[in-house]
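Contents: one structure, followed by commentary.
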Amino acid sequence: MSALPVKPGLRHSVSEWNSNNHQLSATAQHERYVSNVIRQEGRSLRNETNCKTTWDDSDTSRRLSDRVWDVARWKEALETCAQKLDEEMEALTLSKEQTEQALAVTAVPMEVGNECLTLRDGRRGYELAIDPVDEQLKKEVALIERVQQVLQQHIEKAFEKVCVLQEARHQLTTDIQNKMDALDIDMSSLSLTVKSPQISLKTNPTRIPQCSSTPQEWVQFSQYNVARAQEAMQVSQHMREDMSLTRAQLQNELDTQRRATEFALRKRNHHEEQARNELEWQIRNTEDEMAEMESDIHGLDADLQVKTASLKLAHTRLENRTNRPGMDLCRDEVQHGLVSEVHQLEATIMALKQKLSEAQHSLQKMKLHHSRMLQDLARKQEALSLELRSMNTRTRLTSASCTDKTPVLLVPLANSSGRSNLQLLAQ
């Protein structure tokens, strides 16, 4: 079975055919024109964007390079300031340690002063006098207490200032660490190119991060850290100068007072030795006088016995002669002589008894005074022994001062201690 013939389409006229051909040609020409314009514009845009992209990349690299230089410069300034701060902390710490040593050294003088006062309180009687030695010792103890108080105040202030310096050092360390991290990031960014494998498109890279700062705030923050550290170092330096001057002044006062106390002690010891020697001389003379007085008392007593015997003889003669008989009981010259002799002997015996009593009373008084002098001599010997013990006790000050004269590292007033830097880690 043969196929059915296709039905012919819509037929056009020749004019329509010519019009269609003309339209196709015009459209093709227009599209080529438009394409040419677009191509020219595309080439121009490519050239322009290539230049712009190259310029932007170069400008960004330059800005990154400038930023790296700024950050590196501030990092170097911060590190220099941190190094000076470390040296100042070392110098202040050393000055504080020397002040602590000076405070510890005052313990021996304080102990010696109190011990000397305690020893001298052991004196008895009139030897327990408020003399210049007591005054100087009490002044010395009061001075040492004041020195200890002043040194303790300086130590506490130095400790507080060390804490301030450590806080400033911690802030500098944190800022330096941040600068180092920023340098690593910016230098890594500076080394990136379009051919780097690490580059990729990011989500919203143009966002402004939280807690970001402006360039002015960034500079002000580092300037504040440096200014704060410099101010703390300046205050610390003045504090070290003040501590060094105070230590020297207080040491001079202690030395002056020590010499005054020792001079008063030597002078008092000399006066006590003189008083003891004088008392010993008085005791010897008194003992000699007592011996002579006892000898004289024996002599008076012997004379009194002799005179009593003579009086007995005279009494006996007179009594015997009263027994004469009659007219022989005459008041003759013998009678008058015996009566006169009796009166004379009685007067002599009375005078001898009175003198003997006076001599015995004087001897008793000398013995009592001699006993008092012996007691006072014992007190003076005891006082001299206590003074000697006090002087021996104070030799500890001389030995301690000789020990303290060992070479000590002097703290310079400038930031040039030369000791190892403190390693403070950022928290």
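The values are calculated or read from the model by the stated rules, or taken from the named source; none is laboratory data. If you're wondering where the values come from, they're calculated on a predicted model, not measured in any experiment. Positions of Cβ are generated from backbone atoms using ideal geometry, with glycine treated the same way; all protein chains shown enter the neighbour counts. Surface areas here come from the heavy atoms of the whole protein model, side chains and all, with no ligands, DNA or RNA. Shrake-Rupley method; radii C 1.70, N 1.55, O 1.52, S 1.80 Å.
Here the range 142-255 is treated with +1 on each Lys and Arg Cβ and -1 on each Asp and Glu Cβ, and its dipole about the Cα centre works out to around 580 debye.
Note on the range 262-358: dipole from Cβ charges, positive end direction compared against Ala264, Asn277, Met290; the farthest Cα belongs to Met290. A straight chain from Asn204 to Ile283 at 0.36 nm per residue would run longer than the Cα-Cα distance by 16.9 nm.
Converting phi to 3J(HN,Hα) with the Karplus coefficients 6.51, -1.76 and 1.60 and the offset θ = phi - 60°, the range 133-138 yields 5, 4, 4, 5, 5, 5 Hz in sequence order, with x at every glycine or proline. Taking 0.36 nm per residue of sequence separation and removing the Cα-Cα distance, the Leu190/Ala26 pair yields an extension gain of 53.6 nm.
Charged side chains reduced to their Cβ positions (Lys and Arg at +1, Asp and Glu at -1) give the range 314-380 a dipole of some 720 debye around its Cα centre.
Ignoring the sites themselves, the chain has its longest run without trypsin sites (Lys or Arg not before Pro) in a DSSP loop having at most 16 other Cβ atoms within 10 Å at 208-330. Each residue of the range 49-54 was assigned a 3J(HN,Hα) from its phi angle through the Karplus expression (A = 6.51, B = -1.76, C = 1.60, θ = phi - 60°), giving 5, 4, 4, 5, 5, 5 Hz with x at Gly and Pro.
Using a probe of 1.4 Å on the protein chains alone, the accessible area found for Phe263 is around 120 Å².
For Arg11 and Arg331, the difference between the fully extended length at 0.36 nm per residue and the C-alpha to C-alpha distance is 92.1 nm. Just checking my list (i) 21.5; (ii) 22.7; (iii) 35.6 against Kirkwood radius over Cα pairs in Å computed from this structure; which label fits? Of the labelled values, this structure produces (iii). The Leu318 and Ser295 beta-carbon pair, evaluated with R₀ = 35 Å, returns a calculated FRET efficiency of approximately 0.50.
When the chain is described by a simple charge dipole with +1 on each Lys and Arg Cβ and -1 on each Asp and Glu Cβ, the residue from Ile130, Cys51, Ala158 located farthest towards its positive end is Cys51.
Projecting label points 7 angstrom from Cα along Cα→Cβ for Gln223 and Trp69 puts them 2.0 nm apart.
Only helices enter this figure: runs of n ≥ 4 DSSP H residues, each worth -39500 (n - 2.57), summed and divided by the residues of the chain, yield -30500 deg cm²/dmol at 222 nm to the nearest 500. Each residue of the range 346-354 was assigned a 3J(HN,Hα) from its phi angle through the Karplus curve 6.51 cos²θ - 1.76 cosθ + 1.60 (θ = phi - 60°); the sequence is 4, 5, 5, 4, 4, 5, 5, 4, 5 Hz, with glycine and proline shown as x.
When only the Cβ of Lys, Arg, Asp and Glu is charged (+1, +1, -1, -1), the dipole of the range 249-399 relative to its Cα centre reaches about 680 debye. Pairs spanning more than 18 Å between alpha-carbon atoms, out of Lys312/Lys355; Lys307/Lys353; Lys96/Lys157; Lys267/Lys380; Lys84/Lys161: Lys312/Lys355.
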